[in-house]
Amino acid sequence: SNWVTSYRVLVSNDSHAWTAVRNESGDVIFEGNSEKEIPVLNMLPVPLVARYIRINPRSWFEEGSICMRLEILGCPLPDPNNYYHRRNEMTTTDNLDFKHHNYKEMRQLMKTVNKMCPNITRIYNIGKSNQGLKLYAVEISDNPGEHEVGEPEFRYIAGAHGNEVLGRELILLLMQFMCQEYLAGNPRIVHLIEDTRIHLLPSVNPDGYDKAYKAGSELGGWSLGRWTQDGIDINNNFPDLNSLLWESEDQKKSKRKVPNHHIPIPDWYLSENATVAVETRAIIAWMEKIPFVLGGNLQGGELVVAYPYDMVRSMWKTQDYTPTPDDHVFRWLAYSYASTHRLMTDARRRACHTEDFQKEDGTVNGASWHTVAGSINDFSYLHTNCFELSIYVGCDKYPHESELPEEWENNRESLIVFMEQVHRGIKGIVKDVHGKGIPNAVISVEGVNHDIRTGADGDYWRLLNPGEYVVGVKAEGYTAATKTCEVGYDMGATQCDFTISKTNLARIKEIMKKFGKQPMSLSIRRLRQRARQWRQQ
């Protein structure tokens with residue numbers, strides 16, 4: 001609890017001679033904070049032109065120390081003596097709608113994009129918020145509305161914390177950009193759209209955003225609108241499946257075995273009395289319905305990409321590197337975004353706050369940063385086939401409208417590169433001898449203790465780094481099979497198909513079922529055989 005209760009402001013153009021901000025009565029003493037959450041806005045008596053500003057605290061919370069966050073609102077003026085500064089100013093050539101969009105405007109923008117590109121876009125909703133606002137998403141694909149066999153599905157979501165609005169605007173800018181570039185025939189974007197089914201959900205928590213939007217960029221604060229209407233943090237509101245898995249692994253003699261993938265949601269979580277936001281339930285249903293392969297949730301307030309696990313395994317620690325079995329893949333995915341961002345891996349940039357993520361190249365293992373139970377990343381990895389990461393896209397949660405073009409330029413290439421990673425690894429179809437796809441078959445990779453499953457049509461995608469892998473498949477009633485599949489360095493997943501035949505027992509059951517008979521279990525057969533022998537004797 002540290003805050004400044006009053007302060008003076010001094011300005012300078014050479015950093016040597018300082019002038020205090022004055023009015024007719026003398027030096028202006030500005031009113032500071034009275035507590036640590038609510039921002040206080042102060043206006044200068046008259047506009048000033050200066051290169052440097054100095055804050056001179058006069059009083060502060062008596063039980064704390066001097067500590068102050070501030071934002072300076074003004075207009076940059078060109079420096080006639082600095083040609084290089086003018087030359088390096090960030091501009092964008094993209095003709096996009098750079099503004100903050102409230103709920104109605106967001107919906108209208110989606111309709112505009114859909115009208116511009118009706119053949120590759122579709123608007124749908126995954127459910128409603130606590131206040132009844134629909135959670136709209138835009139699908140971008142060459143066949144919107146249907147899953148194409150062999151084509152991976154990707155998702156970006158934003159706004160789980162309603163006051164972290166930059167991610168929301170970046171997704172709205174991304175859908176405009178992809179539509180425009182597709183129409184212009186940009187081969188990279190055309191290829192991505194034709195080979196991928198992309199889902200963009202810009203506002204997971206529209207109720208929280210509405211609160212932050214009404215306060216605005218200057219007075220929104222660090223937490224206003226973060227939570228849902230009923231006070232839940234969506235980002236950490238998912239079932240804790242980590243504990244179920246780790247308990248099962250630690251107690252090897254336990255009768256209750258937990259698989260290393262597709263772990264079922266506990267019954268208590270599904271009950272009506274569980275503290276689960278309606279928005280969270282909508283996201284889970286969406287995740288279970290669509291066979292996503294890769295996803296990113298855009299957040300704000302930092303410049304770093306966090307990858308799972310987000311929860312520490314040791315119950316005695318609050319920070320500890322906790323890798324998944326796919327740690328190398330997650331580290332590559334995180335680096336693919338961070339390294340193509342204009343600032344994340346720039347050693348010269350100032351850290352957003354107190355933590356410097358440069359030693360990890362702008363990436364961090366979630367649990368080594370701060371432990372969280374029930375995160376969307378951990379849940380996605382353990383309950384579905386989808387690898388999900390948290391992407392913190394900017395230091396400022398709610399940047400000014402004038403800053404959006406620069407933030408777009410900072411993130412544009414990263415947003416595209418990260419989507420392209422869905423085509424890294426192996427893919428294939430698991431079929432029976434008649435060529436029919438087998439759903440729910442388990443795909444395993446030797447040496448990696450995490451499996452995935454085939455979709456409804458028997459197709460699958462497995463994210464892997466370049467290398468040679470022994471891949472296995474098993475399905476109930478079928479003989480297991482393995483083969484070696486090699487992943488190269490070029491973009492594009494390696495095709496790795498399987499054709500498997502039914503086991504003898506499965507064939508016998510099938511034949512007997514066809515002729516109206518059921519196979520007897522071995523124990524019953526033995527009992528009847530003994531009874532027959534006893535009667536004969």
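For this structure, a couple of remarks:
- Exactly one residue out of ASN33, ASN56, ASN23 is open to solvent by 50 Å² or more (accessible area, probe 1.4 Å) and outside the structural domain of GLY216 (by the TED database), and it is ASN23.
Rundown of residues vs (1) surrounded by 21 or more Cβ atoms within 10 Å (Cβ to Cβ); (2) over 14 Å from the mean Cα position of the chain (by Cα); (3) not assigned by the TED database to the domain that holds TRP268, yes/no style:
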residue	(1), (2), (3)
TRP369	no, yes, no
SER375	yes, no, no
PHE379	yes, no, no
LEU382	yes, yes, no
CYS386	yes, no, no
ASP396	no, yes, no
PRO399	no, yes, no
GLU406	no, yes, no
GLU413	no, yes, no
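- Test: VAL470 is farther than 20 Å from THR196 by Cβ and part of a strand (DSSP E or B): yes
- Contact map, segment 161-186: residues that are of a type in the set (Asp, Glu) paired with residues that are open to solvent by 10 Å² or more (accessible area, probe 1.4 Å) and in a helix (DSSP H, G or I), Cβ distance under 6 Å, separation 6+ or inter-chain. No pairs are found.
- Single condition ILE123 does not satisfy, out of (1) in contact (Cβ under 8 Å) with a residue 60 or more places away in the chain; (2) touching a helix residue (DSSP H, G or I) at 6+ places or on another chain (Cβ under 6 Å); (3) open to solvent by 10 Å² or more (accessible area, probe 1.4 Å): (1)
- Pair list, Cβ under 9 Å, 6 or more apart: segment 26-41 residue modelled with pLDDT of 90 or more, other residue of a type in the set (Ser, Thr, Tyr) and open to solvent by 90 Å² or more (accessible area, probe 1.4 Å): VAL40/SER34
- In segment 9-23, the qualifying residues are those that are closer than 19 Å to LEU41 by Cβ and within 43 Å of the chain's Cα centre (by Cα), and the one that is modelled with the highest pLDDT is VAL9.
- Verdict on MET315 being in a loop (DSSP other than H, G, I, E, B), under 29 Å from TRP227 (Cβ atoms), open to solvent by 50 Å² or more (accessible area, probe 1.4 Å) and of a type in the set (A, V, I, L, M): yes
- Filtered residue count, segment 229-245, keeping only those that are touching a helix residue (DSSP H, G or I) at 6+ places or on another chain (Cβ under 6 Å) and either assigned to a loop (DSSP other than H, G, I, E, B) or open to solvent by 30 Å² or more (accessible area, probe 1.4 Å) (or both): 5
- Residue in segment 265-290 that is farthest from SER314 (Cα to Cα), counting only those that are assigned to a loop (DSSP other than H, G, I, E, B) and either in contact with a Gly (Cβ under 6 Å, 6 or more places away or on another chain) or in contact (Cβ under 8 Å) with a residue 12 or more places away in the chain (or both): ILE290
- A count restricted to segment 479-506 and to residues that are open to solvent by 100 Å² or more (accessible area, probe 1.4 Å) and modelled with pLDDT under 85 stands at 2.
- Test for SER390: is it open to solvent by less than 10 Å² (accessible area, probe 1.4 Å) and not assigned by the TED database to the domain that holds GLY488: yes
- Hey, ILE443 modelled with pLDDT of 95 or more, within 24 Å of GLY295 (Cβ to Cβ), open to solvent by less than 40 Å² (accessible area, probe 1.4 Å) and not assigned by the TED database to the domain that holds LEU333 or not: yes
- Filter result (free of Cβ contacts under 8 Å to residues at least 40 places away in the same chain and open to solvent by less than 90 Å² (accessible area, probe 1.4 Å)) within segment 42-53: ASN42, LEU44, PRO45, VAL46, LEU48, ALA50
- A residue that is at pLDDT 95 or above and among the hydroxyl-bearing types (Ser, Thr, Tyr) can be found somewhere in segment 308-316.
- Note on segment 473-516: residues that are of a type outside the set (A, V, I, L, M) and either assigned to a loop (DSSP other than H, G, I, E, B) or farther than 21 Å from GLY437 by Cα (or both) amount to 16.
- Count of residues meeting criterion [assigned to a loop (DSSP other than H, G, I, E, B) and either aliphatic (A, V, I, L, M) or farther than 16 Å from LEU70 by Cβ (or both)] in segment 2-34: 11
- Those residues of segment 59-83 which are more than 37 Å from the chain's Cα centre (by Cα), open to solvent by 80 Å² or more (accessible area, probe 1.4 Å) and modelled with pLDDT under 85, in sequence order: LEU77, PRO78, PRO80, ASN81, TYR83
- Segment 126-150: number of residues that are crowded, with 22+ Cβ neighbours inside 10 Å and farther than 17 Å from ILE171 by Cα: 1
- Candidates VAL305, VAL293, VAL258, filtered to the one that is outside any helix (DSSP H, G or I), over 30 Å from GLY145 (Cα atoms), open to solvent by less than 20 Å² (accessible area, probe 1.4 Å) and not aromatic (Phe, Trp, Tyr): VAL305
- Matching residues, segment 449-467, being closer than 20 Å to ASP326 by Cα, open to solvent by less than 10 Å² (accessible area, probe 1.4 Å) and in a strand (DSSP E or B): HIS450, ILE452, TYR460, ARG462
- All of (1) part of a strand (DSSP E or B); (2) more than 28 Å from LEU463 (Cβ to Cβ) hold for LYS252 with one exception: (1).
The values are calculated or read from the model by the stated rules, or taken from the named source; none is laboratory data. The structure presented is a predicted model; accordingly, all values stated were derived computationally and were not measured. Because the Cβ atoms are built from the backbone with ideal geometry, glycine has one as well, and the counts that use them run over all protein chains shown. When the accessible area is computed, the model is the full protein with side chains, heavy atoms only, and any ligands, DNA or RNA have been set aside. Shrake-Rupley method; radii C 1.70, N 1.55, O 1.52, S 1.80 Å.
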